[in-house]
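All remarks here apply to the structure that follows.
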Amino acid sequence: MSRQSITSSATRRKFLKFVTFGAATSIISGKLWRREVLAYCEPIPGQPEGVFKIRLSDYPALLQSWGSVRIGLNPVTGGDPFPDGDFYPILINRDDAGKFYVLDCECRHQSCVVPPFNLADGGVHCQCHGSLYWVDGSVLNGPAASPLGAYQFEFDGNNTLTIHIPCWAFQMSATVLPGGANSRIRIDFYGNTNVTYEISFRQQVGDAWARASFATTPSGPVNQTTLLGSGVDVSVYVNRATANGYYAVGMKLARV
């Protein structure tokens, strides 16, 4: 998650499952890297990356041989072979030996979104022009000439995959508004198109994150829990519940 510490001295689609995702640190603002996410992200030295965890038990298909799940930040509208926003989904596959593969869903032929792996179809079969990939992303049949992009990940051997996505990190900032000890905090970040954002809070570093309600104007009601990005900079406003604490901005990662 992208997060900021605050102290008292700083005067269209239904998601089936989701986890909250965000970058731990970032030195590059959304506007600077946004143009890079329309294609498979290649690591760049010093580039921040998004890191998130999923529980296999939340996705029953991944508990079985040849299981496959497609998840992403942007929905993929039926009939449209491209994401409804800037981010291609990722594909998590499991082979018959229990080995996992985390792949980019952008077909390497003409950038259509590929579907999940299906053994009955012979693999990952792109509906646009017929390219066929194996469970590990390698090409079985063209016209694609290159394998699907692969992402770094770790499996804890039990129930959790930790996945690293270059270019998915983002930056936020927090400012205490004038008005005394109980003044609101303004949180600023770039809201990518059709990405759902949440605000979380914890008082101490070791505490669990809890979802925080927010307002969309400096004096408006604090009754929002999610915000849908539209490709512009956004500001949200939270009440100060304690003198010290940490706020985080998270993006919802959903099955698409």
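The values are calculated or read from the model by the stated rules, or taken from the named source; none is laboratory data. A quick note: this is a predicted structure, and the numbers were derived from the prediction, not measured. Every residue, glycine among them, receives a Cβ derived from its backbone with ideal geometry; neighbour counts consider all protein chains shown.
Computed values, structure above
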{"read-out": "The range 218-245, subset modelled with pLDDT under 90 and over 10 Å from Arg184 (Cβ atoms), residue surrounded by the most Cβ atoms within 10 Å (Cβ to Cβ)", "value": "Gly245"}
{"read-out": "Failed item, numbered, when Ile163 is tested on (1) buried (at least 20 other Cβ atoms within 10 Å of the Cβ); (2) over 19 Å from the mean Cα position of the chain (by Cα); (3) not in a loop (DSSP other than H, G, I, E, B)", "value": "(2)"}
{"read-out": "Total residues in the range 91-109, condition under 15 Å from Glu154 (Cβ atoms), under 18 Å from the mean Cα position of the chain (by Cα) and of a type outside the set (Ser, Thr, Tyr)", "value": "2"}
{"read-out": "Residue among Tyr247, Tyr197 that alone is over 30 Å from Asn93 (Cα atoms) and touching a strand residue (DSSP E or B) at 6+ places or on another chain (Cβ under 8 Å)", "value": "Tyr247"}
{"read-out": "Pair list, Cβ under 9 Å, 6 or more apart: the range 212-239 residue assigned to a strand (DSSP E or B), other residue among the basic types (Lys, Arg)", "value": "Ala215/Arg184; Asp233/Lys31; Ser235/Arg186; Val236/Arg186; Tyr237/Arg184; Tyr237/Arg186; Val238/Arg184; Val238/Arg186"}
{"read-out": "Whichever residue in the range 92-108 is assigned to a strand (DSSP E or B) and of a type in the set (A, V, I, L, M, F, W, C) and, among such residues, is farthest from Ser131 (Cα to Cα)", "value": "Phe100"}
{"read-out": "Selected residue [at pLDDT below 90 and either among the hydroxyl-bearing types (Ser, Thr, Tyr) or within 16 Å of the chain's Cα centre (by Cα) (or both)] from Pro81, Pro48", "value": "Pro48"}
{"read-out": "Residue check for Gly67: closer than 23 Å to Cys126 by Cβ, at pLDDT 70 or above, surrounded by 17 or more Cβ atoms within 10 Å (Cβ to Cβ) and touching a Lys or Arg at 6+ places or on another chain (Cβ under 7 Å)", "value": "yes"}
{"read-out": "The lone exception for Ser219 - which of (1) over 16 Å from Phe52 (Cβ atoms); (2) touching a Leu at 6+ places or on another chain (Cβ under 9 Å) it fails", "value": "(2)"}
{"read-out": "Failed condition for Val114, given (1) within 25 Å of the chain's Cα centre (by Cα); (2) within 30 Å of Asp233 (Cα to Cα)", "value": "(2)"}
{"read-out": "Filter result for Leu73 (among the hydrophobic types (A, V, I, L, M, F, W, C), in the same structural domain as Ala145 (by TED's automatic domain parsing) and farther than 23 Å from Gly229 by Cβ)", "value": "no"}
{"read-out": "Matching option when the condition is out of contact with any helix residue (DSSP H, G or I) (no Cβ under 6 Å at 6 or more places or on another chain) and at pLDDT below 85, among Ala181, Ala144, Ala215", "value": "Ala181"}
